[in-house]
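This report concerns only the one structure given below.
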């Protein structure tokens with residue numbers, strides 16, 4: 001977890017520092033649906049390496065964005081879910097999804113007008 005002295009002054013920069021990587025945002029998007037197991041995330045996030053997924057999950061857990069729950073089974077069963085802090089990012093992710101949809105429409109309109 002970052003200490004207050006380590007945080008940038010700009011609130012946008014703080015958010016980018018915490019969730020600004022492509023993979024962290026996509027992990028949060030998935031965890032908004034339900035808890036996921038590590039291998040489920042790995043399969044769903046095409047192109048992510050095991051190291052990057054592990055590092056991203058650990059970092060977000062330390063920052064308080066996700067929770068890791070270990071079930072006492074053999075083999076161990078671990079699930080990741082959003083913490084309350086992570087759930088508070090829902091409007092951000094939804095706004096990004098809406099912007100992406102609108103951008104696709106924008107590109108479609110440009111391409112239609114070229115024909």
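Data overview
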| quantity | calculated |
| --- | --- |
| Sorted peptide list for 73-85, 14-26, criterion being average Cβ within 10 angstrom, highest first | 14-26, 73-85 |
| Reciprocal mean inverse distance between Cα atoms of the chain - Kirkwood radius, Å | 15.9 Å |
| Stretchable slack from residue 6 to residue 113, in nm (0.36 nm times residue separation minus alpha-carbon distance) | 33.6 nm |
| Taking the C-alpha atoms of region 1-63, convex hull volume expressed per residue in Å³ | 85 Å³ |
| Packing-based order for 95-104, 60-69, using average beta carbon neighbours within 10 Å, highest first | 60-69, 95-104 |
| Extended-chain gain in nm, criterion 0.36 nm per residue less alpha-carbon gap, residue 101 and residue 30 | 23.8 nm |
| Contour excess over end-to-end distance, with Cα ends at residue 93 and residue 74 and 0.36 nm allotted per residue | 3.3 nm |
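Any read-out appearing in this document is the output of simple, stated calculations on the displayed coordinates, not a laboratory observation. Small disclaimer: the values here were computed from a predicted structure and weren't measured. Reconstructed Cβ throughout: ideal geometry from the backbone, glycine too, with neighbour counts over all protein chains shown.
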